[in-house]
Amino acid sequence: QDVGEFLSIIVEEVNRLNGVVTQFLDYSRPLKPSLAPTSVNEVLEKTFKLLESQTPPAVKVELDLADWMPHVQADAEQLKQVFLNIALNAFQAMPGGGRLAVSTRVARDELAFWSGGARRADVVEIRFRDTGPGIPEDARESIFVPFYTTKEKGTGLGLAICQRLVKANQGTIAVRPAPSGEGAEFLVSLP
């Protein structure tokens, strides 16, 4: 029995280290997105299909995807990685269970409009809202900084990779407290 337990610990640690090395490689390799017309809703549906086996039983995932969404010029695989990272972070933030609400919509890019430059098209917004403990105000400034982590075994690269990928796809990513006052909300905007 001790040998079996020891072996399962070894397997668990090898998998964890494999994840760490993969994150380092993801962060260090140059990004060359293959931009093509992409349906954000389709990418989200595929992402959560992939995550079905990793979704904790006590976490309820709610997808509220807008009926009509324009395609964005993006790399679908890179977007999938962003969505996976954000969702897995949300799951980890709710060990006792909770709700992850994911929604999409088309929004006016007010910032581009009011900055006086040429008016950009509207943006596609993807919101991930969880009911976890939220992100402390002092940490919100740092969570996209490489190697910054609040997790005991985290590398601090997951959200840094997300930010790089979103920027490579000409988008932005931001975090704020969820409007309900509980949890956190990640907002990805793509032109």
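The values are calculated or read from the model by the stated rules, or taken from the named source; none is laboratory data. The structure displayed is predicted, hence computed values, not measured ones. Neighbour counts run over all protein chains shown; Cβ positions are idealised from the backbone, glycine included. Ligands, DNA and RNA are stripped out before the accessible areas are found, and what is left, the full protein with its side chains, is counted by its heavy atoms. Shrake-Rupley method; radii C 1.70, N 1.55, O 1.52, S 1.80 Å.
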By residue number, the members of segment 85-114 that are charged (D, E, K, R) and either modelled with pLDDT under 90 or touching a Pro at 6+ places or on another chain (Cβ under 7 Å) (or both) are R108, D109, E110
Flagged pairs (Cβ under 6 angstrom, 6 or more apart or on separate chains; first in segment 48-68, more than 14 Å from I126 (Cα to Cα); second assigned to a helix (DSSP H, G or I) and hydrophobic (A, V, I, L, M, F, W, C)) are L51/A87; P56/F91; V59/F91
Taking segment 85-99 and keeping residues within 12 Å of the chain's Cα centre (by Cα) and open to solvent by less than 20 Å² (accessible area, probe 1.4 Å) leaves I86, A87, A90, F91
| message | Tell me yes or no: at least one residue of segment 46-53 is out of contact with any Phe, Trp or Tyr (no Cβ under 7 Å at 6 or more places or on another chain), over 22 Å from V175 (Cα atoms) and at pLDDT 90 or above. | response | yes
Scanning segment 67-84 for residues that are crowded, with 22+ Cβ neighbours inside 10 Å and assigned to a helix (DSSP H, G or I), the one modelled with the lowest pLDDT turns out to be Q78
